[in-house]
Amino acid sequence: MEKISYEDAVKELYEIISKIESGTLPLNETISLISKGKSLIKSCYADLDKAKGKLTEVKETLGTLFEEDC
């Protein structure tokens, strides 16, 4: 699967959910969409973990800078 942005992944997840909730899809298409949704969710979690790491770095850097000023 090609890497897409977090925002695009979330948008696609909402579209998948809407299609599945419609209840009009054949079973095999529903299963395929569930599988794609699972991959998108994993991608989103990876992006969020990466962002959390960056925020932690910034927080630690700011903390160090403020400690040096005191």
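Just the residues that are over 23 Å from the mean Cα position of the chain (by Cα) and of a type in the set (Gly, Ala, Ser), please, taken from the stretch 11-70.
Answer for the stretch 11-70, where residues must be over 23 Å from the mean Cα position of the chain (by Cα) and of a type in the set (Gly, Ala, Ser): Ser22, Gly23, Gly63.
State the number of residues belonging to the stretch 13-43 that are in contact (Cβ under 8 Å) with a residue 24 or more places away in the chain and surrounded by 15 or more Cβ atoms within 10 Å (Cβ to Cβ).
Residues meeting the conditions: 5.
How about the stretch 1-54: which of its residues are of a type in the set (Val, Ile, Thr) and assigned to a helix (DSSP H, G or I)?
First, pick out the residues of the stretch 1-54 that are of a type in the set (Val, Ile, Thr): 4, 10, 16-17, 20, 24, 30-31, 34, 41.
Within the stretch 1-54, Val10, Ile16, Ile17, Ile20, Thr30, Ile31, Ile34, Ile41 meet the criteria.
Could you check the stretch 41-70 and list, in sequence order, the residues that are of a type in the set (Asp, Glu) and under 16 Å from Ile4 (Cα atoms)?
The answer is Asp47, Asp49.
Coordinate-derived values only; no laboratory data. Values in this document were obtained by computation on a predicted structure and should not be read as measured data. Note that each Cβ is placed from the backbone with ideal geometry, even for glycine, and that neighbours are counted across all protein chains shown.
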